[in-house]
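Data block below; observations after.
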Amino acid sequence: RLGFELETQTALLLKQDIPMLDTISGDRMRHELELIFREKHPEFVIKRLAELGALQRISSSLSGDGWIVEKFAKARQLSKPNQLPSLYFCLLTYPRSQREIEQFLRRLNISAKLSRAMCDTLRLTTKLSLLDKPSLKPSEIYYLLHEYDPLAIQANAVASESSMVHYHLQLFLTKLRYIRTSLNGEELKRLGISAGPEMGKVLQILHKARLD
C-alpha cells in the first residue's frame, strides 16, 4: 500500500529533486499537498517525504512522524470526507508556534478561510486545560468554544490525548453549537425589553438556561 501511495504523480514530483523545492511557488506547493491530502492514506506519503527531507524544505518545523500517521487515521474516523483535506492541513502544523504557522501560511499562500482555521487551531490549544474538567456545564463548554472555527475544534478533538477534552469538543460540534433559544430579539421587544445591552444579556441568560 505504501508503495502504491508513493507512486502517485504528486509524490513523484516532490521526490525528484529535493533542492528544487526551494524554487517552486507557494501556490504550486499548496496544490501538491492538496493532491496528497486527497489520497486514501496521505499520512504515508507525508511520512516518506519527511524521510526524504522534502517536507522540511516546505517548512523546517514540519514532521511526518508516527504522531501524524496516528492522527490522520483518527481524523478519518471522526470527520466527513469533504472536511479531511483542510483538517489534514491543521494537523500537519499541530502544535507549532504562531511564528511557524504564519511562515507556513505565507509560504504556501493559504486561503483566508483555511488560515483562520489553522490559527484558531493553535489558539484553542491554550484553552484545552479548561475543558479537562468533568464538572463543566454545557453552557460553559459552549461559551469557551463558540468563537473558534469548527475545523479548529475538530482538529483539537483529533489531536487531544485527553478523553475528557475530546468528549467536550465533540459535544460542542455534534450538539451544543446547534442549540438556540425559542425566543429571539423581536419577540423580546414585544415583551417590553428594549434593544441594546439589556436585551443581549437576557438572550444570553436564556441561551445558557437552554444549553443546561
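Here are 166, 146: which of them is within 16 Å of residue 79 (Cβ to Cβ) and open to solvent by 40 Å² or more (accessible area, probe 1.4 Å)?
On the way: 146 fails: within 16 Å of residue 79 (Cβ to Cβ).
Just one listed residue meets the conditions, 166.
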Residues of segment 38-57 satisfying the condition of being under 16 Å from residue 83 (Cα atoms) and open to solvent by 20 Å² or more (accessible area, probe 1.4 Å): 38, 39, 40, 41
- line: In segment 170-208, anything of a type in the set (A, V, I, L, M, F, W, C) and free of Cβ contacts under 8 Å to residues at least 24 places away in the same chain is listed as 173, 183, 188, 191, 193, 195, 199, 202, 203, 205
task: Just give me the residues in segment 67-92 being more than 13 Å from residue 42 (Cα to Cα), touching a residue at least 12 places away in the same chain (Cβ under 8 Å) and surrounded by fewer than 21 Cβ atoms within 10 Å (Cβ to Cβ), in sequence order.
output: 78, 79, 83
- line: Residues of segment 180-195 being surrounded by 14 or more Cβ atoms within 10 Å (Cβ to Cβ) and in a loop (DSSP other than H, G, I, E, B), in sequence order, are 181, 183, 193
Breaking point among (1) within 26 Å of residue 85 (Cβ to Cβ); (2) loosely packed, with under 15 Cβ neighbours inside 10 Å, for residue 173: (2)
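The values are calculated or read from the model by the stated rules, or taken from the named source; none is laboratory data. If you're wondering where the values come from, they're calculated on a predicted model, not measured in any experiment. Heads up, the Cβs are rebuilt from the backbone with ideal geometry, glycines too, and the neighbour counts pull from every protein chain shown. All accessible areas refer to the heavy atoms of the entire protein, side chains included, with ligands and DNA or RNA removed. Shrake-Rupley method; radii C 1.70, N 1.55, O 1.52, S 1.80 Å.
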